[in-house]
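J.: Quick one: the structure is below, questions incoming.
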Amino acid sequence: MPRRLFELLELNRPLQVADIGAAYISETPTYKAMLDQGVAELNAFDADVRQHAPMRTFYGEGLRIFPQVVGDGTVQTLHLASPASGMTSLLRPSAAHLAFFNGFQQFGEIESETQVETSRLDDVPGLPDLDFLKMDIQGAELQVLKHGRERLARCAMVQLEVSFVPLYEGQPCFGEVDVWMRSQGFIPHCFTEVKRWSIAPVVRQGNFRMPFNQLLEADIVYVRDPVSPGALDTELMKITALLAHSQYGSIDLAGRLILQMTQAGVLPEAALAAYMALTNGPAQAR
């Protein structure tokens, strides 16, 4: 499907995808289909050289791997937790907030610390301007964004992990990230996952991983505001439509953008009907 939509949209180059924190795990990322069909290229960031060979095996030799630790360009302390915990971060875990949640004191135990020289996203050599950015780096996302404005100037979509409760000292939470993203011309499009967690010491059905209501974190997708006049030019509309459909199944967003392009004479009048036929789904254009 990504290839057929790519051709319908008359795109003339593969999309540039960046995944910061891209170590290969058992879950297949949503952009893999675009890579396999040749409509996107992956720029993967992972400072752990042990991950590079498995990543090349999974993604292919066309993968570009960047070993830099992205941040603000200064020397910082990397706080290394157990690999299984997923809590290694440039930020120190917050003892008080970890103790608020069941199980998180053990997750956030720091095994060692090391000094690392971070690189600004704008300064990474060989990195192209980005169409889609996915980032999950344990609280340092906003730091990277603020030092990557040039690379992101033409970015159509961004998927971030955001926290509702700060698990790290000085971590910007959802509200701060949201305000900054809106200042850059983005609006929220969807949550791909919303995670809740149980509050200590109460445990549900003997399993501390079973939540009640407390929000913990979420993966949120931002899109350049499609309503603001002039926010999306022709190329950005095409890229956004491809990503909306291929990454998130957002047929309505893709369909609206295709309609706007047909009305502007950028795409043939039959493009929307052709797109709806491609979806083979229940959604209907009116």
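J.: Identify, please: which residue in the range 124-135 is surrounded by fewer than 16 Cβ atoms within 10 Å (Cβ to Cβ) and in contact (Cβ under 8 Å) with a residue 40 or more places away in the chain and is, among those, farthest from TYR222 (Cα to Cα)?
T.: GLY126
J.: Against the condition surrounded by 15 or more Cβ atoms within 10 Å (Cβ to Cβ) and farther than 28 Å from LEU278 by Cα, how does LEU216 come out, does it pass?
T.: yes
J.: From the residues in the range 98-118 that are closer than 24 Å to GLN51 by Cβ and part of a loop (DSSP other than H, G, I, E, B), which one is modelled with the highest pLDDT?
T.: Once the filter is applied, the top-ranked residue is GLU109.
J.: Checking ALA156 against (1) in contact with a helix residue (DSSP H, G or I) (Cβ under 8 Å, 6 or more places away or on another chain); (2) closer than 30 Å to ARG204 by Cβ: exactly one of these is not met. Which one?
T.: For ALA156, the exception is condition (2).
J.: Okay, moving on. Enumerate the pairs (first residue in the range 99-123 and closer than 12 Å to GLN76 by Cβ; second residue anywhere and among the hydrophobic types (A, V, I, L, M, F, W, C) and surrounded by 14 or more Cβ atoms within 10 Å (Cβ to Cβ)) with beta-carbon separation below 6 Å, excluding pairs fewer than 6 apart on the same chain, so at least 6 apart or on different chains.
T.: Cβ pairs passing all conditions: THR114/LEU78; VAL116/VAL69; VAL116/LEU78; THR118/VAL69; SER119/VAL70.
J.: Which one is surrounded by the fewest Cβ atoms within 10 Å (Cβ to Cβ), of the residues in the range 1-21 that are free of Cβ contacts under 8 Å to residues at least 60 places away in the same chain and not basic (Lys, Arg)?
T.: Checked the range 1-21; the qualifying residue surrounded by the fewest Cβ atoms within 10 Å (Cβ to Cβ) is ASN12.
J.: Here is a further query. Among the helices (runs of 4 or more DSSP H) contained in the range 1-97, which hold 2 or more residues that are over 30 Å from LEU257 (Cα atoms)?
T.: 52-59
J.: Something else: Can you say whether ALA81 is within 25 Å of VAL116 (Cβ to Cβ), in contact with an Asp or Glu (Cβ under 7 Å, 6 or more places away or on another chain) and among the aliphatic types (A, V, I, L, M), as far as the supplied structure shows?
T.: Taking the combined requirement at face value, the residue satisfies it.
J.: Could you list, ordered by first residue, the pairs with Cβ atoms under 6 Å in which the first is in the range 171-182 and part of a loop (DSSP other than H, G, I, E, B) and the second is surrounded by 13 or more Cβ atoms within 10 Å (Cβ to Cβ) and small (Gly, Ala, Ser), at least 6 apart or interchain?
T.: Pairs that qualify, where the first residue is part of a loop (DSSP other than H, G, I, E, B) and the partner is surrounded by 13 or more Cβ atoms within 10 Å (Cβ to Cβ) and small (Gly, Ala, Ser), are GLN171/GLY139; CYS173/SER163.
J.: Sticking with this one: Let me spell it out: the conditions are (1) over 18 Å from ALA231 (Cα atoms); (2) in contact with a Phe, Trp or Tyr (Cβ under 6 Å, 6 or more places away or on another chain), and PHE186 meets all of them except one. Which number is the exception?
T.: PHE186 satisfies every listed condition except (1).
J.: Spot the failing condition for HIS79; the list is (1) surrounded by 15 or more Cβ atoms within 10 Å (Cβ to Cβ); (2) in contact (Cβ under 8 Å) with a residue 40 or more places away in the chain; (3) within 20 Å of GLU161 (Cα to Cα), and only one is missed.
T.: Exception for HIS79: condition (2).
J.: So in the range 224-248, with the set limited to residues that are in contact with a helix residue (DSSP H, G or I) (Cβ under 9 Å, 6 or more places away or on another chain) and among the small types (Gly, Ala, Ser), which one is surrounded by the fewest Cβ atoms within 10 Å (Cβ to Cβ)?
T.: The residue in question is SER246.
The values are calculated or read from the model by the stated rules, or taken from the named source; none is laboratory data. These figures come from a predicted structure and were not determined experimentally. FYI the Cβ positions are ideal-geometry reconstructions off the backbone, even for glycines, and counts take in every protein chain you see.
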